[in-house]
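Heads up, the thing below is written out as structure tokens.
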Amino acid sequence: MDDPTRDENPLCKITFVDFRMRADNLNPNEVTEALGIHPTRTYARGDTFRTHTGSKQRPWGVWILSTEGAVDSASPERHAQYMIEQIWPKRRQLGKYLKDPAYYIDIYFRWEVADTVSGFTVASETVRRLAGLCNFISISFCSHDDPVEEP
């Protein structure tokens, strides 16, 4: 039987999976030390950032590990498997954060395609393992339907 979870979609423009932690008092350095994993991005509560409307301060701390740039594949399954390889060995250390209701922890799938209707498949065992690493699974589908030029 073919494994549809490993399919590469030629219409896929962007695929990645993020493991994200957020809390009012999340200390990115503490999380990094506890998990022993170097994050892709972190933000501390109160950090200043710029938007098109001016400067703002971050309302919470954030710790993110991303597959973006680490996995060369359009398959969400491959990205999910990579994330499991990184986080699963640290699930014991992660437990204290998962039990704390002040923490929002999710696995975020981002999938962008050059088509109006599309989707992807992830193995149920992969989803089960991901679910053991977070409180939520978030999915973003983005379509880039390039306009057809009239002759």
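The values are calculated or read from the model by the stated rules, or taken from the named source; none is laboratory data. All figures in this text were calculated on a predicted structure; none of them were measured in a lab. Heads up, the Cβs are rebuilt from the backbone with ideal geometry, glycines too, and the neighbour counts pull from every protein chain shown.
Note on segment 38-67: among residues that are under 15 Å from the mean Cα position of the chain (by Cα) and hydrophobic (A, V, I, L, M, F, W, C), the one that is farthest from Ile84 (Cα to Cα) is Val62. When Phe136 is tested against the conditions (1) crowded, with 18+ Cβ neighbours inside 10 Å; (2) closer than 16 Å to Arg20 by Cβ, the lone failure is (1). State whether one or more residues within segment 98-120 are aliphatic (A, V, I, L, M), surrounded by 13 or more Cβ atoms within 10 Å (Cβ to Cβ), at pLDDT 95 or above and assigned to a loop (DSSP other than H, G, I, E, B). Among the residues of segment 98-120, not one is aliphatic (A, V, I, L, M), surrounded by 13 or more Cβ atoms within 10 Å (Cβ to Cβ), at pLDDT 95 or above and assigned to a loop (DSSP other than H, G, I, E, B), which makes the answer no. Within segment 70-105, being touching a residue at least 40 places away in the same chain (Cβ under 8 Å) and either of a type in the set (Val, Ile, Thr) or under 15 Å from Thr40 (Cα atoms) (or both) holds for Val71, His79, Tyr82, Met83, Ile84, Gln86, Ile87, Ile105.
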